[in-house]
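**Student:** Next up is a structure, given as structure tokens.
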Amino acid sequence: MSDQHDPTPYDALLLLSFGGPEGPDDVVPFLENVTRGRGIPKDRLKEVGQHYFLFGGVSPINDQNRALLDALRTDFEGAGLDLPVYWGNRNWAPYLTDTLREMVTDGRRHIAVLTTSAYASYSGCRQYRENLADALAELEAEGLPLPRVDKLRHYFNHPGFVRPMVDGVLASLAELDESVRDGAHLAFTTHSIPDSAADTSGPVGEHGEGGAYVNQHLDVARLIVDAVREETGVDHPWKLVYQSRSGAPHIPWLEPDICEHLEELHGAGAPAAVMVPIGFVSDHMEVLYDLDTEATAKAAELGLPVRRSATVGADPRFAAAVRDLVLERAARERGVRAERCALGALGASHDLCPIGCCPARAERPAAAGADSPYA
């Protein structure tokens, strides 16, 4: 096997995702998993679950992960990469611990991990690493051999992630009436997080004020704006905005909210807008409800023409990017020089999360980092 297609030392890839309910009876138990330890009453969870009940109690995320699994397996096979791909979730079946147990039983001992979160933050990176540590602790308690798990680097600026989003924006602009198209504003959306979490995201001091989370999203937004300008000759006004806030009102979270931003655009006389969900890998519930339902309804109320561009999902270019990330990391683990594909100003992210990266309020063990208790 040539170095170009050699995944050694990895013997499997784990797709690690959030999970979601697949029927009405799943909604409250799923939300109990998500909010475990916060003491939220079941009646309140039923209220929160109304978004899911609007869609039959089904989150699209699991089906989208199945599609991504198929895309990864198809890409790997077509490229001659002999690497099995497994799937586990943090909050719903297939659960991470069950999948890791299956992988160990299958003889997998050195696992590359792809999370369905492209950016640095506690909830988007370190919490997944904590979930991995929890799962490994369970396997250890069962007396099973422990695999080594290595989380692949952040891929927000990999061309295989960026280019599909550029094409999505171009397609959305083309859907707008020609009379408003060139004046359309681009509203780049991502999940709001507490200001404190944003400020401490990424390695300490690497990105200065605002932290890695905001800076990485801004870098992707600029890449897309520049690419759209090159394709169309139009320099569209743009802004990074936020959605899906879920915290207590007295705690500052990243703003402005997408609906507030649409109101501001309408008040300023913007002729149209394209919502660009750069913070999300696929069209899961926060895209389906917060953008396609709530924000789209707000735009209709305002009389503001709006479109929502596509997420990356199971785009073959993204699957190829994952293959690239696996082989890049594998080569570096073997001590072989490897090209690290990255667009924009920030460059390729670190392979190993350093100590103090994206800290939690309460310190917990986290795997796949410099502070991992599992070497």
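The values are calculated or read from the model by the stated rules, or taken from the named source; none is laboratory data. Just so we're clear, the structure is a prediction, and the values are computed from it rather than from any experiment. All Cβ positions, even for glycine, are placed from backbone atoms using ideal geometry, and neighbour counts span all protein chains on display. Accessible surface is based on the protein model in full, side chains and every heavy atom, while ligands, DNA and RNA are left aside. Shrake-Rupley method; radii C 1.70, N 1.55, O 1.52, S 1.80 Å.
**Student:** By how many nm would the segment from Ala360 to His110 grow when fully extended, if each residue of separation counts as 0.36 nm and the alpha-carbon distance is taken off?
**Tutor:** 87.3 nm
**Student:** Helix 61-78 against the longest principal axis of the chain: what's the angle in degrees, Cα atoms only, rounded to the nearest 10?
**Tutor:** With rounding to tens, the tilt is 60 degrees.
**Student:** For n ≥ 4 DSSP H runs only, could you compute -39500 (n - 2.57) per run for the chain, divide by its residues and tell me the 222 nm figure to the nearest 500?
**Tutor:** Using -39500 (n - 2.57) per qualifying helix, the result is -12000 deg cm²/dmol.
**Student:** Taking a probe of 1.4 angstrom, what is the accessible area of Lys46 in Å², to the nearest 10?
**Tutor:** Accessible area, nearest 10 Å²: 100 Å².
**Student:** Could you work out how much longer the chain between Glu301 and Asp351 gets when fully extended? Use 0.36 nm per residue separation minus the Cα distance between them, nm to one decimal.
**Tutor:** Additional length available on full extension: 13.4 nm.
**Student:** Could you compute the FRET efficiency for Arg222 and Ala171, with r as their C-beta to C-beta distance and R0 at 22 Å, rounded to 0.05?
**Tutor:** 0.65
**Student:** While we're looking at this one, here's another question. Quick check for you: which residues of the stretch 250-284 have the amide N under 16 Å from the point 7 Å beyond the Cα of Glu231 toward its beta carbon?
**Tutor:** 274-278
**Student:** Turning to a different aspect of this structure: Cα to Cα, under 13 Å, and not fewer than 8 places away if on the same chain: which aspartates and glutamates meet these conditions relative to Lys151?
**Tutor:** Glu130, Glu328, Glu333, Asp351
**Student:** If you don't mind, there's one more thing I want to ask. Select from Asn157, Asn33, Asn131 the residue whose mean-square fluctuation is largest in a Gaussian network model of the chain (Cα-Cα springs shorter than 10 Å).
**Tutor:** Of Asn157, Asn33, Asn131, the most mobile in the Gaussian network model is Asn33.
**Student:** Can you tell me the length gained on complete extension of the stretch Ala248 to Asp43, counting 0.36 nm per residue apart and subtracting the Cα distance?
**Tutor:** Length gained, Ala248 through Asp43: 72.1 nm.
**Student:** Okay, moving on. To the nearest 20 debye, what charge dipole does the stretch 216-285 have about its Cα centre, counting +1 at the Cβ of each Lys and Arg and -1 at the Cβ of each Asp and Glu?
**Tutor:** The dipole magnitude comes to about 120 debye.
**Student:** Over its Cα atoms, what ratio of radius of gyration to 2.2 N^0.38 Å does the stretch 253-355 give?
**Tutor:** It is 1.48.
**Student:** Any chance you could give the angle, 0 to 90 degrees and rounded to 10, that helix 211-232 forms with the longest Cα principal axis of the chain?
**Tutor:** Result, in degrees: 60.
**Student:** I would also like to ask the following. For the stretch 1-89, divide the Cα radius of gyration by the Kirkwood radius and give the resulting Rg/Rh value with two decimals.
**Tutor:** Answer for the stretch 1-89: 1.18.
**Student:** Work out how far the C-alpha atoms of the chain reach from end to end along every principal axis, then list the three figures in whole Å, largest first.
**Tutor:** Largest to smallest, the principal-axis extents are 63, 52, 39 Å.
**Student:** DSSP beta bridges in the stretch 126-259, what fraction antiparallel, as a percent rounded to 5?
**Tutor:** Here the share of antiparallel DSSP bridges comes out near 10 percent.
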